[in-house]
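A short worksheet on the structure shown next.
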Amino acid sequence: MSDALLRADGLVKRFGAVTASDALSLEIRPGEIHALIGPNGAGKTTAIAQLSGEMHPDAGAVFFGGRDVTRLGADARARAGLARSFQVTSLFRGFTAEDNVAMAIQAHQGHSFRFWDNARRDASLREPARSVLERVGLAGRADILAANLAHGEQRQLELAMALATDPKLLLLDEPMAGLGHDESLRMVDLLAGLKGQLAILLVEHDMDVVFSLADRITVLVYGKVIASGVPEDIRADAAVRDAYLGGDA
Ligand SMILES: Nc1ncnc2c1ncn2[C@@H]1O[C@H](COP(=O)(O)OP(=O)(O)OP(=O)(O)O)[C@@H](O)[C@H]1O
Ligand SMILES: [Mg+2]
C-alpha cells in the first residue's frame with residue numbers, strides 16, 4: 001500500500017488533437033509541498049482541474065485518502081479536504097477581509113454565500129476567521145475591505161479563504177503570478193510557514209521558488225510525467241535538463 005494522500009492514476013485528457021494529460025500518474029504525500037513544473041502548455045492547469053474535480057478525465061482515476069473520488073465534483077472533493085485556491089475574482093470586494101474568511105468557513109459548513117449577512121453577524125465565526133487571517137499574515141488587516149487591500153494582500157486573502165475549509169491538500173496554480181518582488185517573497189514565506197501543516201501541490205514557473213519550497217517535484221512535458229522525485233534528483237536528471245531546465249539549472 002502506498003502512503004499517498006492523493007494518487008492520480010493514468011489520467012488522460014484530450015482537447016481535439018492535443019493530449020493535455022497523457023497517462024499522467026502522480027502521488028502526493030501528507031504534509032509535503034509537491035511542485036508540478038513544466039513548460040507553457042505542458043498540461044499543469046489541466047492536471048490541477050482534474051484533481052480538484054472541475055474537469056473530468058477521459059480516462060484514469062483520482063484517489064484521495066484512499067477513496068476513489070474520480071466521479072466526485074469540486075464541492076464534494078473540497079468537503080473531503082481537497083481544496084483549490086479561490087481566485088481574486090471570487091473575493092467579495094465590498095466586505096472586509098474577516099467577513100470574506102467568515103463566509104468561506106460558513107460555506108464549507110454547508111451554507112451558501114447567500115447568507116453572508118448571517119456570516120457577518122455570527123460571532124462563532126469571528127474567532128476562527130481571525131485565526132486564519134493570522135496564519136496568512138493578515139491579522140492586522142481584518143477590518144479592511146477586500147477591494148482596498150493591495151494586490152498581494154488579496155492573494156493572501158485568497159489563500160486564507162482556501163485554508164478556512166481546513167484542507168488536507170491545497171492545489172495552488174501559480175500563486176505568485178502577477179505579484180511584485182516583495183509580494184512574491186511574502187507569499188513564499190507564507191507557503192514555507194504552512195509546510196507540514198497540510199499538503200500543497202504547487203504549480204510555479206520560478207525555479208528558485210520551486211527549489212526552495214518543494215519536498216518533491218514532478219515534471220510534466222506534453223502532458224507526460226518525465227520525472228518525479230526529490231529536488232536534488234530532479235536537478236540532476238538529464239531528461240529534465242534537456243526538456244525543461246536548460247543547461248544552467
Ligand atoms: N479548455 C481547453 N480547450 C482546448 N484546449 C485546451 C483547453 N485547456 C487547455 N488546453 C490545451 O491543453 C494544453 C495544456 O494546457 P494547460 O493550460 O493545462 O497548460 P499549462 O501547463 O497550465 O500551461 P501554462 O504554464 O501556460 O499555464 C495546451 O496545449 C492548451 O492549449
Ligand atoms: Mg497553467
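Any read-out appearing in this document is the output of simple, stated calculations on the displayed coordinates, not a laboratory observation. All values reported here derive from a predicted model rather than from experimental measurement. FYI the Cβ positions are ideal-geometry reconstructions off the backbone, even for glycines, and counts take in every protein chain you see.
If R0 is taken as 30 Å, the Cβ-Cβ distance between Lys224 and Ala177 corresponds to a FRET efficiency of 0.80. With contacts taken as Cα pairs under 8 Å and at least 6 residues apart, the chain reaches a relative contact order of 27 percent. Using R0 = 30 Å, the C-beta based FRET efficiency linking Met207 and His151 works out to 0.85. Between Ala59 and Asp143, the contour length at 0.36 nm per residue exceeds the alpha carbon distance by 25.6 nm.
Of the residues Ser52, Ser21, Pro39, the one whose Cα sits farthest towards the positive end of the charge dipole of region 1-66 is Pro39 (charges of +1 on Lys and Arg Cβ, -1 on Asp and Glu Cβ, taken about the Cα centre).
Is the shape of the chain rounded, prolate or oblate, going by the alpha carbon gyration tensor and its root eigenvalues a ≥ b ≥ c, with a/c under 1.5 for rounded and a/b larger than b/c for prolate? Prolate shape, in that a/c is at least 1.5 and a/b is the bigger ratio.
In a fully extended conformation the segment linking Gln109 and Asp166 would gain 19.4 nm over its present Cα-Cα distance, using 0.36 nm per residue. Taking every lysine pair in the chain that is 8 or more places apart or spans two chains, those with Cα atoms closer than 16 Å amount to 4.
How large is the helix-only mean residue ellipticity at 222 nm for the chain, computed as the sum of -39500 (n - 2.57) over DSSP H runs with n ≥ 4, divided by its residue count, in deg cm²/dmol to the nearest 500? Rounded to the nearest 500, the figure is -10000 deg cm²/dmol. Based on the convex hull around the alpha carbon atoms, region 118-214 presents an average projected area of 6.5 nm².
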